[in-house]
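Encoded as structure tokens, the structure appears first; notes follow it.
The values are calculated or read from the model by the stated rules, or taken from the named source; none is laboratory data. Keep in mind the model is a prediction, meaning the values are calculated, not measured. Don't worry about glycine lacking a Cβ; one is built from the backbone with ideal geometry, like all the others, and counts go over all protein chains shown.
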Amino acid sequence: MPNHSQQLDLMFHALADGNRRAMIDRLSKSDAKVSDFAGQLGVSLPTVLQHLSVLEEAGLVSSQKVGRVRTCTLDTQALSRAEQWINERRNLWGRRLDALGALLEADSGKQDT
């Protein structure tokens, strides 16, 4: 498995495509067959398989083949890791902006006197 940074790169690359995000949206409701995506997205089955490959490589989706039917499942843990990374940056910038606001307010108070 790639290291954490590489895994995030793969995840955000996978999520950068609208068709793959639509697949993730669909899988957030329930598991789906690969053939379901072709109709939903209006693309060919080989294109769906390429998108699925990118999602699987990123760890966002897993699939299982039973007979001739391949069923996809969303890995919600992977999405949680991306969410955690985003929230860490949001918290960092929130603290920085709060500190900047406090600094500007203190500076404004000095100018008033």
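Which one of these is modelled with pLDDT of 95 or more, not in a loop (DSSP other than H, G, I, E, B) and not aromatic (Phe, Trp, Tyr): Ser5, Ser53, Ser80, Ser35?
Ser53
Which residues, counting only those in the range 36-46, are in contact (Cβ under 8 Å) with a residue 12 or more places away in the chain and either exposed (fewer than 13 other Cβ atoms within 10 Å of the Cβ) or out of contact with any helix residue (DSSP H, G or I) (no Cβ under 7 Å at 6 or more places or on another chain) (or both)?
none
Can you pull out the residues in the range 9-18 that are in contact (Cβ under 8 Å) with a residue 12 or more places away in the chain and either surrounded by fewer than 17 Cβ atoms within 10 Å (Cβ to Cβ) or part of a loop (DSSP other than H, G, I, E, B) (or both)?
Phe12, His13, Asp17
Does at least one position in the range 25-32 carry a residue that is assigned to a helix (DSSP H, G or I) and in contact (Cβ under 8 Å) with a residue 24 or more places away in the chain?
yes
Quickly run through the range 19-35 and pick out the residues that are surrounded by fewer than 17 Cβ atoms within 10 Å (Cβ to Cβ) and among the small types (Gly, Ala, Ser).
Ala22, Ser28, Ser30, Ser35
For the range 9-32, which positions are touching a helix residue (DSSP H, G or I) at 6+ places or on another chain (Cβ under 8 Å) and aliphatic (A, V, I, L, M)?
Leu10, Met11, Ala14, Leu15, Ala22, Met23, Ile24, Ala32
Among the residues of the range 84-113, which ones are among the small types (Gly, Ala, Ser), farther than 24 Å from Leu8 by Cα and within 26 Å of the chain's Cα centre (by Cα)?
None - no residue of the range 84-113 is among the small types (Gly, Ala, Ser), farther than 24 Å from Leu8 by Cα and within 26 Å of the chain's Cα centre (by Cα), so the list stays empty.
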